[in-house]
Amino acid sequence: MPQKATFYHAGCPVCVSAEQGLAHALDPAQYDVEVVHLGDVPGRIAEAEAAGVASVPALVIAGRRDTPC
């Protein structure tokens, strides 16, 4: 069963580049990737913060935060 991965971003060029280069590069057989544009869904900012996201772009895999840049 694929692990949950959430890529949070704000829509800036750096975020979009990271999304294209990282989030879409993950193997869909191993990761169920959800891309969250926090500018479009600001109600999810608290969720991102609770997952340890302090800045974007950020990738959270199975509850562990990794920042791509």
Next on the checklist: Need pairs with beta-carbon distance below 8 Å; first residue touching a residue at least 40 places away in the same chain (Cβ under 8 Å) and within 14 Å of Ile61 (Cα to Cα) and within the stretch 34-48, second surrounded by 11 or more Cβ atoms within 10 Å (Cβ to Cβ) and hydrophobic (A, V, I, L, M, F, W, C); sequence gap 6+ or separate chains.
Outcome noted: Ala48/Val36; Ala48/Leu38; Ala48/Val56; Ala48/Ala58; Ala48/Val60
Checklist outcome for this item: Taking the stretch 4-33 and keeping residues loosely packed, with under 13 Cβ neighbours inside 10 Å and either under 18 Å from Gly52 (Cα atoms) or among the hydrophobic types (A, V, I, L, M, F, W, C) (or both) leaves Cys12, Ala25, Ala29
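Suppose we filter the stretch 3-21 for residues that are part of a helix (DSSP H, G or I) and farther than 9 Å from Leu59 by Cβ; how many remain?
Here is the first cut: in the stretch 3-21, the ones part of a helix (DSSP H, G or I) are 13-21.
In the following step, the residues that additionally are farther than 9 Å from Leu59 by Cβ were identified as 13-17, 19-21.
Total meeting the criteria: 8.
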Next on the checklist: Filter the stretch 22-44 down to the residues that are within 18 Å of Lys4 (Cα to Cα), out of contact with any Gly (no Cβ under 7 Å at 6 or more places or on another chain) and not in a loop (DSSP other than H, G, I, E, B) and list them by number.
Outcome noted: Ala23, His24, Ala25, Tyr31, Asp32, Val33, Glu34, Val35, Val36, Arg44
Checklist entry - Say we look at the stretch 45-58 and pick out the residues that are closer than 23 Å to Pro2 by Cβ and in a helix (DSSP H, G or I); which of these is most open to solvent (accessible area, probe 1.4 Å)? => result Ala50
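The values are calculated or read from the model by the stated rules, or taken from the named source; none is laboratory data. What you see is a predicted model, and the numbers here were worked out from it, not measured in a lab. Here Cβ is always computed from backbone atoms with ideal geometry, including for glycine, and neighbour counts include all displayed protein chains. All accessible areas refer to the heavy atoms of the entire protein, side chains included, with ligands and DNA or RNA removed. Shrake-Rupley method; radii C 1.70, N 1.55, O 1.52, S 1.80 Å.
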